[in-house]
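Working notes, structure below.
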Amino acid sequence: MAKIVSIINHKGGVGKTATAANLGAALQIRGKRVLLIDMDAQSNLTDCLGVSTELDDTIYQAMRGYSPLPIVKNEDGLDIVPSCLDMSAIEMEIMQKYAREQILHKLLRPVQKQYDYILIDCPPSLSILTINAMTASDCIIIPVEAEYLAMRGMGRLTNVIQEVKNNLNSKLRISGILITKYDRRKNFNQDIQEIIRDTFQGDVFTTTIRTNVAIGEATAARHDIFHYAPKSSGAEDYASFCDEFLKKESTFN
């Protein structure tokens, strides 16, 4: 059965989508069967991996109960469940549904045996979509930019995770916090990293994702970093992070 991993932070711009795309690609390179799920109405993961955001079947149709989970393969060989703008209205549309927090969990059941890892790119909010992702997941990765404002609200996020664990998904845990957009030349970035590590102790991954223009360029080119710039520091960092993630998660198998 696949290990289901949600990539969550209710602040935007911290590298959630880049982490989902590049961790997924790194896992695939290591021979893992990977499914990526775009839960965000902005459809950034769908777009940055070269999948059309105008498809008839997306996560929206599946969440509404109109179709099974639609899976498409991009030109780099990654399996993706695409999103669309209609997801912006899903919260109101499923509000009266029975067990609305478990819709994604039920959709994933038929495909879990086909994959080793299912990665969910969550929207930048603590909405019913994010709750759905946490309810379905085994663990959570929290990308945090090495900036003060990105740290704000972390306490609220961890509280919500604990509430979901207490009420909806007892197996849920935090795999780790990933520091992103890190520039060691900036003293402020170094200070924030130290604060994050001191505050969250062993929950922080050793690997940091350095600021690297190739990561943004890969997104614009609609490829993961390994297909776009395999020798870049971005590819090096995400490869290192993938190895650390696999080693850490192996203790929970």
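The values are calculated or read from the model by the stated rules, or taken from the named source; none is laboratory data. What you see is a predicted model, and the numbers here were worked out from it, not measured in a lab. Glycine also receives a Cβ, built like all others from the backbone with ideal geometry; neighbour counts cover every protein chain displayed. Quick note on the areas: whole protein, heavy atoms, side chains included, nothing else; ligands and nucleic acids left out. Shrake-Rupley method; radii C 1.70, N 1.55, O 1.52, S 1.80 Å.
Here are the numbers:
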quantity: Å² of accessible area per residue within the chain, as computed with a 1.4 Å probe and no ligands counted; calculated: 45 Å²
quantity: Signed unit charges on C-beta, dipole axis of the chain, positive-most listed residue THR53, ILE128, ALA99; calculated: ALA99
quantity: Long pairs among LYS3/LYS171; LYS32/LYS248; LYS3/LYS32; LYS165/LYS247; LYS16/LYS247, criterion Cα-Cα beyond 18 Å; calculated: LYS165/LYS247; LYS16/LYS247
quantity: Loop chymotrypsin sites (Phe, Trp or Tyr not before Pro), the stretch 71-122 (other Cβ atoms within 10 Å of the site Cβ: 11 or fewer; DSSP); calculated: TYR98
quantity: Highest-fluctuation residue, LYS11, LYS186, LYS106 considered, GNM on the chain with Cα pairs under 10 Å; calculated: LYS186
quantity: Answer label, with mean projected area of the Cα convex hull in nm² calculated from the coordinates and candidates (1) 18.1; (2) 16.8; (3) 12.5; calculated: (3)
quantity: Residue among ALA221, GLY202, GLY176 farthest towards the positive dipole end of the stretch 162-242, charges placed on Cβ; calculated: ALA221
quantity: The chain, relative contact order in percent, only Cα pairs under 8 angstrom and at least six apart counted; calculated: 25 percent
quantity: Considering only the chain, percent of DSSP beta bridges that pair antiparallel, nearest 5; calculated: 5 percent
quantity: Under the Karplus curve 6.51 cos²θ - 1.76 cosθ + 1.60, θ = phi - 60°, whole-Hz ³J(HN,Hα) for the stretch 107-117, x wherever Gly or Pro sits; calculated: 5, 7, 3, x, 10, 4, 6, 7, 9, 8, 9
quantity: The stretch 1-135, dipole about Cα centre (Lys/Arg Cβ +1, Asp/Glu Cβ -1), debye to the nearest 20; calculated: 680 debye
quantity: Added length on full extension, which subtracts the Cα-Cα distance from 0.36 nm per residue, GLN102 to ILE29; calculated: 23.2 nm
quantity: Accessible-area composition of the stretch 1-86, carbon plus sulfur, in percent [1.4 Å probe]; calculated: 46 percent
quantity: Selected from ARG185, ARG197, ARG64 as most flexible by GNM, with the chain as the system and alpha-carbon contacts under 10 Å; calculated: ARG185
quantity: Dipole in debye (nearest 20) - the chain, about Cα centre, beta carbon charges: Lys, Arg +1; Asp, Glu -1; calculated: 680 debye
quantity: Computed FRET value (nearest 0.05) for GLN190 with GLU93, which takes r as the C-beta separation and R₀ as 41 Å; calculated: 0.35
quantity: For the stretch 160-218 versus the stretch 7-47, the gap between their alpha-carbon centres in whole angstrom; calculated: 15 Å
quantity: Built amide H within the under 5 Å cut-off of GLY176, gap 5+; calculated: ILE140, ILE142
quantity: In sequence order, calculated HN-Hα J values of the stretch 43-49 (Karplus, 6.51, -1.76, 1.60; Hz; x Gly/Pro); calculated: 6, 5, 5, 4, 5, 6, 9
quantity: Gaussian network model of the chain, springs between alpha carbon atoms under 10 Å - residue of GLY24, GLY50, GLY65 with greatest fluctuation; calculated: GLY65
quantity: Residues whose placed amide H lies under 5 Å from that of ILE209, excluding near-sequence neighbours; calculated: ILE179, THR180, LYS181, TYR182
quantity: Qualifying aspartates and glutamates (Cα of each under 16 Å from Cα of LYS181; at least 8 residues distant if same chain); calculated: GLU145, GLU147, ASP191, GLU194, GLU217, GLU236, ASP237
quantity: Residue-wise HN-Hα coupling along the stretch 176-191, computed from phi with Karplus coefficients 6.51, -1.76, 1.60 (Hz; x: Gly, Pro); calculated: x, 9, 10, 7, 10, 6, 9, 10, 5, 6, 9, 4, 5, 4, 5, 4
